[in-house]
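Have a look at the structure below before the remarks.
Read-outs: derived from the displayed coordinates by stated rules, not from any lab. Please read all numbers here as calculations on a predicted model, not as lab measurements. Quick reminder, even Gly has a Cβ in these numbers, built from the backbone with ideal geometry, and neighbours come from all protein chains shown.
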Amino acid sequence: MKTSRDRLEDTLARIADPNGEGARAVLTVYADEARRAADAADARTKAGQTLGPMDGVVITIKDLFDITGEVTRAGSKVLAARGKPAKDDAPVIKRLRDAGAVIAAKTNMVEFAFSGVGLNPHFGTPGNPADRSRVPGGSTSGGAVAVADGMGAITIGTDTGGSTRVPAALCGIVGFKPTQKRISRDGAYPLSFSLDSIGPMAKSVAECALADAIMAGEASDFAPMGLSGVRAGMMQGLPLEAIDATVSVAFASALAKLSGAWKSAADVTPEAISIMQGVNERGGLAPPEAYAIHRELLTAQGDGVDPFVRQRIMRAAATTMPDYVMLVEDRKRGIAQMDALFDRFDVLVLPTTPIVAPTKAEVVALDEFGKRNVLLLRNTSIGNFFDLCAVSLPINLGNALPCGLMLFGRHGSDRKLLAIAAGVERALAN
């Protein structure tokens, strides 16, 4: 059985492999510190004094978490030059360290975390594990590639509109978005105060559940839930529009495999979706909040920012305070409407993304980038807008490219959702 140090050395070797994606997926390597942490975990194991199930697990973290003494870049060379070193680790990082996690590296990301495609013109774009000519999805792009390519077992990312679930779906792994308030966002560079949340990606639901429990400060006990008592709502309407052939076939195959496993399964078209669409048609919440955060930087050094990201933020420059207040109020109304659905359903089921990963060539032009970015984030952003918990599971049923099946759970039902997701994971594998 491999030790923590063995697993870490495997991770470091993969990061350093010139024929791999390490140079693009990873921005900072903590080799010496990680070796000390791995050796300490192995010593505890040998002495029978383990800190728990996270002790010695090799992980990576997104490039927007504060680490003591480091400037937090958030995928930006401008921030790297302008920022001040963090005075302390982010609370989630402290909790992971205290649980014995071995942090091997910080991973690449979309600048400021503002895209579902996964491009970074400053540090490079890691290639999708299924096809290196394709994008990995974003914004936690490097983290998803790291997990899929064996650079650590778990990665910690953020999710504002789908930034853990989109790359998870496109790279063939599991991604989880918690109810926002469960996990502290202190020490994580913000994009949207209303929508940001912190979640893990891994190759299994159980690993995501472990990281989630540690970050939330909850018990890590976990077991899959049988599906025979689960009421599933099959989302219709917007989430099924413009689905490409690969996703359509894979999603249908997954539903067929799950057919009969649920206590009940019924189609549902949430009326609250129209409220979300109305808010987005008036500019959405993320752009004005991102503009409030970045306006001084963009005024001073906007030319140094990814033009695709800059354009998305600057479109909110004309948003007025009354406009923003009404957007927030409409969201509150939508949250209440969506929550009422969970009196009838335990989970809502839909494709994670309606399309597979685009090729890098397909997103070079701004207009084509914009079209695909909107599609990639369309379904996942429903979970953020209504502050649901959400998980994306990989569909591996003969599809040539990775696709995801997504489950939404009621606000605050995170551990129940993960248990159901583990049951779905098991059913899809049989």
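3J(HN,Hα) along the range 275-281, derived from phi through the Karplus expression 6.51 cos²θ - 1.76 cosθ + 1.60 where θ = phi - 60°, amounts to 5, 4, 4, x, 4, 5, 5 Hz, with x in place of Gly and Pro.
For the residues 52, 161, 334, a GNM of the chain with alpha-carbon springs under 10 Å puts the largest fluctuation on 52. With a cut-off of at most 14 other beta carbons within 10 Å, and DSSP calling the residue loop, which GluC sites (Glu not before Pro) in the range 245-343 qualify? Please list them. Qualifying residues, ordered by number: 271. For a paramagnetic label modelled on residue 337 (point 7 Å from Cα along Cα→Cβ), amide N atoms under 17 Å away belong, within the range 386-421, to 386-388. Shown is the FRET efficiency for residue 194 and residue 244, computed with R0 = 35 Å from the Cβ-Cβ distance and rounded to the nearest 0.05: 0.70.
When its C-alpha radius of gyration is set against 2.2 N^0.38 Å (N residues), the chain gives a value of 0.92. Springs between alpha-carbon pairs under 10 angstrom, Gaussian network model over the chain: which of 56, 283, 127 fluctuates most? In this elastic network of the chain, the residue with the biggest mean-square fluctuation among 56, 283, 127 is 283. Between 23, 104, 252, the residue with the greatest mean-square fluctuation in the GNM of the chain (Cα pairs under 10 Å linked by springs) is 252.
Remark: the range 37-51, residue by residue, has Karplus-estimated 3J(HN,Hα) of 5, 5, 5, 5, 5, 5, 5, 5, 4, 4, 8, x, 10, 4, 7 Hz, where x stands for each Gly or Pro and the curve is 6.51 cos²θ - 1.76 cosθ + 1.60 at θ = phi - 60°. A Förster distance of 25 Å, applied to the separation of the beta-carbon atoms of residue 367 and residue 299, puts the FRET efficiency at 0.45. Packing, as the average of other Cβ atoms within 10 Å across residues, places the peptides 302-312, 372-382 in the order 372-382, 302-312, highest first. Does the range 316-430 classify as rounded, prolate or oblate by the C-alpha gyration tensor (a ≥ b ≥ c root eigenvalues; a/c under 1.5 gives rounded; else a/b over b/c gives prolate, otherwise oblate)? It is oblate, given that a/c is not under 1.5 and a/b is not larger than b/c.
Measuring max minus min along each principal axis, the C-alpha atoms of the range 4-216 give extents of 46, 38, 34 Å (largest first).
With the simple spin-label model, which puts each label point 7 Å out from Cα in the Cβ direction, the residue 33 to residue 344 separation comes to 5.0 nm. The chymotrypsin sites (Phe, Trp or Tyr not before Pro) of the range 173-275 that DSSP puts in a loop, and whose beta carbon has at most 15 other beta carbons within 10 Å, are 193.
Of all lysines in the structure, the ones whose alpha carbon falls short of 21 Å from that of residue 332, not counting any fewer than 8 places away in one chain, are 177, 181. Please report how far the C-alpha centroid of the range 269-293 lies from that of the range 294-371, rounded to the nearest whole angstrom. For the range 269-293 versus the range 294-371, the Cα centre distance is 7 Å. Between residue 277 and residue 255, the contour length at 0.36 nm per residue exceeds the Cα-Cα span by 5.3 nm. In this simple spin-label approximation, residue 6 and residue 181 carry label points 7 Å from Cα along the Cα→Cβ vector, and these lie 4.5 nm apart.
Among the trypsin sites (Lys or Arg not before Pro) in the range 41-128, those located in a DSSP loop and surrounded by at most 16 other Cβ atoms within 10 Å of their own Cβ are 87.
The simple spin-label model puts a point 7 Å past each Cα toward its Cβ; for residue 13 and residue 228 those points are separated by 4.6 nm. Building the convex hull from the alpha-carbon atoms of the range 227-429 and averaging its projection over directions returns 12.4 nm².
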